[in-house]
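Working notes, structure below.
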Amino acid sequence: MRNKIISKGELAPWVNELAKKGNLIGVREKGFGPPAGEAGKYEFAPIESAEELRLDYDVAVTSPKKFFQPSKETLLTFKRGGDFKLNAVVEAESLVIFGIHPYDAKALSQMDKVFADDNRDSNYWEKRGKAVIVGIDPACASKWSFWDAMGAATVDKGFDLWLTDLGDRYFIEVGTGKGEKLLKHATTSEATEADVSARNDARSKLATLCAGDRKIKAELKDLPDIFEAAYDNEIWEKRAEKCYSCGSCNLVCPTCYCFDVREEIDLDLVNGRRVRLWDGCLLESFAAVGHGENFRGERSERFRHRLMRKMVYMNKKTGELACVGCGRCSSVCLPDITDPVKVINELK
Amino acid sequence: MDSLYLPRKAKIKKVEPLTATEKLFEIELEGKKPLGHKPGQFVEVSVFGVGEAPISVTSSPSRLTKSFELGIRKVGNVTNAIHNMRAGDIVGIRGPFGTYFPFDKLEGRDLLFVAGGIGIIPIRSFINYAIDNKKKYGRIVVLFGSRSPAERLFVNELNQWHEQVEFFETVDRRDETWKGNVGVITTLFPKVELDPAKTAAIVVGPPVMYKFVLMECKKKGIADEDIIISLERRMKCGVGKCGHCQINGVYVCQKGPVFKYSEIKGLAEAL
C-alpha cells in the first residue's frame, strides 16, 4: 500500500463526501452549536460538514474509546414470566473516526488487547471492527499534555490512515486496506521521497509541542519498578488527603475501562434489560461487597490503585504503560493530586 | 450473536432452608445438562430484573449430574431476591468460572480442610468429592468452625462426615444444647496430628480468619505451595473485564478464587 498526498484544498471535499454517508465522527469545538460557553474545548462528535472539523485541536475532552465502549450499553434484554425471553444485545454501526491523536491511538490499541485477550468481548469488537480510524499528528498540546514524555508522540500501528500536516498538503500514511478504500472518495497523489523527508521533518518538531515543564525525571522503562517500589510510600496518603473519590480521573482516562453491570426493569415488571456503565476504581463502593466488607476502603488505597494500574499492572498485561500522557486526569482533578508528571517526579 | 454476558436459562428445582440466613438451592439447567464444574468454581446467578451475583457451587460434580447446588446467604439485592424464590422459578446461570481446588494434583496427599462459617459452602464440594474418591487420597481431616450452633450449615451432612472423615467442629459461642468444642477455629489445630510433608491444607473463611489460620498451618509445618485458599471479592462480569474483583493486578475471577498461598504472598491487598 503506497502512501499518499492530499492537498489542503482537497481535504474539505473529501471530508464532505465522507460526511454525506452520515457516519463521520470527528473533532469539533464544543462551542460550535449549543450548549454555548464551551469554546476552547473539543470533543469527538458527529461531523456534518468539513467546516466543523477541527484538526488543529490540542486534546478532546474524552477519548474516542467511547465509541467502542459506550458509557451506557445494553448487554441483554429479557421478558419475565410465563413467556420468558432472553436475548443478548450486540449492536454496532460503521463509523469513520477522523482526527485521532497518537496518544489516543496508542490507548485504543491497548483497549483492543484487553477486550480481545482472555475472553473476547463481542460488544466491543463488533463496534471496533466496523470503525475506520483516521489519525493525525497533533498541531498543538494543552498545558497538561505530556504525551511526548510518555513516548506517545507517534504510533506505527492501530490506524487505517494517518495524516501529517506538511503546510500546503497532508502526508497520508496508509495503514490498512480499509484505509485505502476510504481514499477512493479523495483526490490524492502518490507521496514522493521529498514528501517522506518533509514528514520526518514535521515529526521531529512534535517534541517541542508539549510544554517545557511537562517532562518526567525518570526513564520510561524504569517507571514500573519505581512505582512497585513505592507501594508503601507516604505519597499516597499525603495526596489522597484531598481526594474527593469523585472518579473524574477514571472518567476521562483513555485506558480506564472498568464497568458496572446493572439491571433495569420497566413499570410492567416484565420487560427489562441488563446494561453496563462506566465505573471507576476511585469511587468508594468499587470494591465493596454485600455484607459490608470493602476491600479497598481507604482513599489512599484507591488513589494508589489507579496509578499502579497505569504504571505496573497494565504494563504486565499489555507490555505497555497505560498512561499515554494525554493530561486529561491532570486537567480534571479538582484538588490537583493525580497529575502523573508530578507524582513521577516526586517519587523519583 | 456470541456474548460473554448471556446467561443460560435454568430452573430452581428445590429450596432447603439451612439457617435463618442461608438456603440451599438445587438448580437445573435447561435440558438438565450438567454444569461441568470442578470443586471450588463459581457461577454468576441471574435474577432477571434484579441482577446477577457470584455464588460458589457447593455440590460435588461426583454426586449430582443433572443439577447442582448453591448455598446462598441473603446479604444484598440479588441474594435477598433469590431467597424469596421457589421451586419452578427461572434463574440465569453463567459459568462455571474461576480456578478450582486442585483435586487432581492432590491425589495421594492427606487433606486438611479448614472451613470458617460460610467457607464450608465451597469446601463441601471438595470434601464430598474426596469422600466419593477415597482411594485417591490419604487422610481426610475436616476442621469446621461456626459462630454459634444455630448458624451451623449442613447439619445432617455434618453428622455423616463424623462417620466418614476425621471431623472436628467448634463454635465461637455455645448455647444450652452444645456439648462440643467452644472457641475460634484455631483452637481445633492442637487436636490434630499431621504429617506436614504429606499434608495439603484447603482453607476458606471470612477475610479476618485467614491470617490466624495461616499461622497455625505454618506452625504445623505445611509448605506455602500446599496451602490452598479461596478469596472472594466483588464480582460483576466474572470474565476478567469489569475490574471489580482485582487484588492488586490480579483478577480474582480469572486467576482465582482458588489460590495457593505461595501465589498470593506478594499481593499486599490479598489478606
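Residue ranges B:50-63, A:294-307 sort as B:50-63, A:294-307 when ordered by packing (mean number of other C-beta atoms within 10 Å per residue, highest first).
Mean per-residue shielding of peptide A:283-292 is 5, counting Cβ atoms of other chains within 10 Å of each Cβ. Would the stretch B:110-230 count as rounded, prolate or oblate if I go by the C-alpha gyration tensor, calling it rounded below 1.5 in a/c and otherwise prolate when a/b exceeds b/c, oblate otherwise? Note, shape of the stretch B:110-230 comes out oblate. Which of B:R124, B:R173, B:R152 moves most in a GNM of chain B, Cα contacts under 10 Å? Result: B:R173 has the largest fluctuation of those listed.
Computed on chain B, with alpha-carbon pairs under 8 angstrom and 6+ residues apart, the relative contact order is 18 percent.
Taking other Cβ atoms within 10 Å as a rough exposure proxy, A:C246, B:C237, A:C281 sort from fewest to most as A:C246, A:C281, B:C237. Restricting the GluC sites (Glu not before Pro) of the stretch B:172-265 to loop positions (DSSP other than H, G, I, E, B) with no more than 11 neighbouring Cβ atoms within 10 Å leaves B:E176, B:E193. Loop-located trypsin sites (Lys or Arg not before Pro) in the stretch A:58-167 (DSSP state not H, G, I, E or B) with no more than 11 neighbouring Cβ atoms inside 10 Å: A:K157. By definition, a body whose alpha carbon gyration tensor gives a ≥ b ≥ c is oblate when a/c is 1.5 or more and a/b is not larger than b/c, and chain A fits this oblate description.
Going from the residue with the fewest nearby Cβ atoms within 10 Å to the one with the most, A:K184, A:K178 rank A:K184, A:K178.
DSSP bridge analysis restricted to the stretch B:148-264 gives an antiparallel fraction near 50%, rounded to the nearest 5.
Dipole orientation for chain A: of the candidates A:G81, A:A45, A:V59, A:G81 has the Cα lying most toward the positive pole (charges on Cβ; Lys, Arg +1; Asp, Glu -1).
The H on the amide N of B:R109, modeled in the peptide plane, is under 5 Å from the matching H of B:G138, each at least 5 residues off or on a different chain.
For chain B, the longest principal axis of the C-alpha atoms and the axis of helix B:207-219 are separated by about 30°.
Of the GluC sites (Glu not before Pro) found in the stretch B:126-167, not one falls in a DSSP loop while having at most 12 other beta-carbon atoms within 10 Å.
Of B:P96, B:P257, B:P196, the residue with the greatest mean-square motion in the GNM of chain B, using alpha carbon springs below 10 Å, is B:P196. For the peptide B:243-255, the mean number of other protein chain Cβ atoms found within 10 angstrom of a residue's Cβ is 5. Secondary structure note: in chain B, about 60% of the DSSP beta bridges are antiparallel.
Under a model in which nothing but the beta-carbon of Lys, Arg (+1) and Asp, Glu (-1) is charged, chain B shows a dipole of about 380 debye around its Cα centre.
Exposure proxy for B:D175, A:D336: other Cβ atoms within 10 Å of each Cβ, ordered fewest to most, give B:D175, A:D336.
Any chance you could give the angle, 0 to 90 degrees and rounded to 10, that helix B:155-164 forms with the longest Cα principal axis of chain B? Approximately 50 degrees, to the nearest ten. A simple charge model with +1 on the Cβ of Lys and Arg, -1 on the Cβ of Asp and Glu and nothing else charged puts the dipole of the stretch A:4-347 at about 360 debye relative to its Cα centre.
Rounded to the nearest 20 debye, the dipole magnitude of the stretch B:8-96 is 240 debye, with +1 charges on Lys and Arg beta carbons, -1 on Asp and Glu beta carbons, and the Cα centre as origin.
As a test, work out the antiparallel percent of DSSP beta bridges whose residues both lie in the protein assembly as shown, rounded to the nearest 5.
65 percent
Of all the options B:Q41, B:Q164, B:Q246, the one that moves most in a Gaussian network model of chain B with Cα springs shorter than 10 angstrom is B:Q164. In terms of its C-alpha gyration tensor, the protein assembly as shown comes out prolate, because a/c is 1.5 or above and the ratio a/b outweighs b/c. Taking all Cα pairs closer than 8 Å and separated by 6 or more residues, the relative contact order of chain A comes to 21 percent.
Projecting each Cα onto the charge dipole of chain A (Lys/Arg +1, Asp/Glu -1 at the beta carbon, about the Cα centre), which of A:A218, A:S248, A:T176 comes out farthest on the positive side? Of the listed residues, the answer is A:T176. Packing here is the average count of other Cβ atoms within 10 Å per residue, and on that basis the peptides A:132-140, B:12-20, highest first, run A:132-140, B:12-20. When the Cα positions of A:F259, A:S300, A:G290 are compared along the charge dipole of the stretch A:178-308, A:F259 comes out farthest toward the positive end, with charges on each C-beta of Lys, Arg, Asp and Glu.
Ranked from highest to lowest mean number of other Cβ atoms within 10 Å per residue, what is the order of the peptides B:113-121, A:18-26?
Highest to lowest by the protection proxy: B:113-121, A:18-26.
Neighbouring Cβ atoms from other chains, within 10 Å of the Cβ of residues in B:84-95, number 1 on average.
A short reminder: the numbers here are calculations on the coordinates, not readings from a lab. Here the structure is a predicted model, which means the values were calculated and not measured. All Cβ positions, glycine included, derive from the backbone under ideal geometry; neighbour counts span all protein chains shown.
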